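Chemist: The structure follows.
The values are calculated or read from the model by the stated rules, or taken from the named source; none is laboratory data. These numbers come from a predicted model, not from an experiment. Virtual Cβ from ideal backbone geometry, glycine too; neighbours counted across all protein chains shown. SASA here: full protein model, heavy atoms, side chains in, ligands and nucleic acids out. Shrake-Rupley method; radii C 1.70, N 1.55, O 1.52, S 1.80 Å.
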Amino acid sequence: MTWTPQQTAARYGAYSSSGQYWAGPGYLAGEAPKTNDPSEPDGRFRILNQPARGRVMVLERGSGLCVASTMSKDDGTWRVDRLNPAIRFTVIGFDDRGLQNAAIQDWIAPAVRE
């Protein structure tokens with residue numbers, strides 16, 4: 001990885017490779033519902049609609065650069081912290097066993113801790 005000063009990167013239409021560009025108070029997470037209400041959002045990693053362990057990659061939407069990667073827990077929950085809420089991301093969930101195609105969510109904005 002090489003570091004490019006932000007001013008030089010902007011001049012050439014590129015992003016700086018410094019991790020600070022992505023850093024912020026936001027997070028993305030696949031959390032389990034807090035109640036049994038079926039209409040409550042459920043962001044867990046799933047395979048064939050069952051919570052499962054899998055690889056989650058977070059890409060910066062504009063460039064496609066991978067800014068974070070994690071494995072979900074066995075219950076499908078996952079979390080990536082320290083993301084800038086002003087940047088939009090694409091989140092891809094991979095079944096590393098190869099039984100299902102990847103699932104993609106696009107234009108995702110990180111939530112900010114309360």
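Chemist: Can you find even one residue in the stretch 87-94 that is out of contact with any Gly (no Cβ under 9 Å at 6 or more places or on another chain) and farther than 13 Å from TYR21 by Cβ?
Modeler: Yes, the conditions are met somewhere in the stretch 87-94.
Chemist: Hey, can you tell me all the residues within the stretch 40-98 that are over 15 Å from the mean Cα position of the chain (by Cα) and of a type in the set (S, T, N, Q)?
Modeler: Passing the criteria: ASN49, GLN50.
Chemist: Which count do you get for residues in the stretch 70-110 that are under 16 Å from ASP42 (Cβ atoms) and either open to solvent by 40 Å² or more (accessible area, probe 1.4 Å) or free of Cβ contacts under 8 Å to residues at least 24 places away in the same chain (or both)?
Modeler: Total satisfying the criteria: 7.
Chemist: Go through the stretch 42-58 and report how many residues are over 15 Å from ARG79 (Cα atoms) and surrounded by fewer than 16 Cβ atoms within 10 Å (Cβ to Cβ).
Modeler: Total satisfying the criteria: 3.
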